[in-house]
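Data first, discussion second: the structure below is written as structure tokens.
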Amino acid sequence: MIARVPVAADRGAVHDALVQCRAFNEVEIGVGLEMFDAGVAGDYELAGLEEGGLLRAYACFGKASLTERSWYLYWICVHPAAQGRGFGRALQRHVERVVAQAGGERLVLETSGRDDYARSRRFYEQAGFTLHGRIRDFYKPGDDCLIYCKELSACP
């Protein structure tokens, strides 16, 4: 696996990963693509992992406005063909290194409290993110927003 910054030509691979991983609904896929496009335009940071010439995992992240050292992790998506082989964890660690090198001290993320997001929440919890808050019915009735944070001072 090769770490690199995704480019506009990777949009098709990103779309395929968002659809094939079956973790996101149609609206979420649209937002993921909008944020990818904004990342290519320089509004967010992008990181990716390639295998065999194909982008297999990508992340979108960026500095939190009006903060000195806090960053948001907006998306991590791994194509099913690369799942279970360490791509997600390698990408998460890569993002943490990039943020730390830029002076970031923490990563914050928001995710759904729906049952079908349990796997994502386990991924973040196993990576050292801790739950800091819950906003009930945030996305829609029965779909809470869970706010996680990871302090990067302990990261290698």
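Just so it is clear, none of the values below were taken in a lab; they were calculated from the coordinates. What you are looking at is a predicted structure, and each value in this text was computed from that prediction instead of being measured. Cβ atoms come from the backbone with ideal geometry, glycine included; neighbour counts cover every protein chain shown.
For a quick check of your reading of the filter: which GluC sites (Glu not before Pro) in the range 93-122 sit in a DSSP loop and have no more than 16 other Cβ atoms within 10 Å? Qualifying residues, ordered by number: GLU105.
Simple rule: put +1 on each Lys or Arg Cβ and -1 on each Asp or Glu Cβ in the range 2-154, find the dipole, and look at THR130, LEU46, ALA8; the Cα lying farthest toward the positive end is THR130. In a simple Cβ point-charge model (Lys, Arg +1; Asp, Glu -1; nothing else charged), the chain has a dipole of about 500 debye relative to its Cα centre. The structure shown yields mean projected area of the Cα convex hull in nm², and of the options [x] 12.4; [y] 9.0; [z] 8.3 that calculated value carries the label [y]. Taken over the C-alpha atoms, the range 64-156 has Rg and Dmax values of 13.7, 39 angstrom.
Protection proxy ranking of 137-148, 69-80, by the mean of other Cβ atoms within 10 Å over each peptide's residues and highest first, is 69-80, 137-148.
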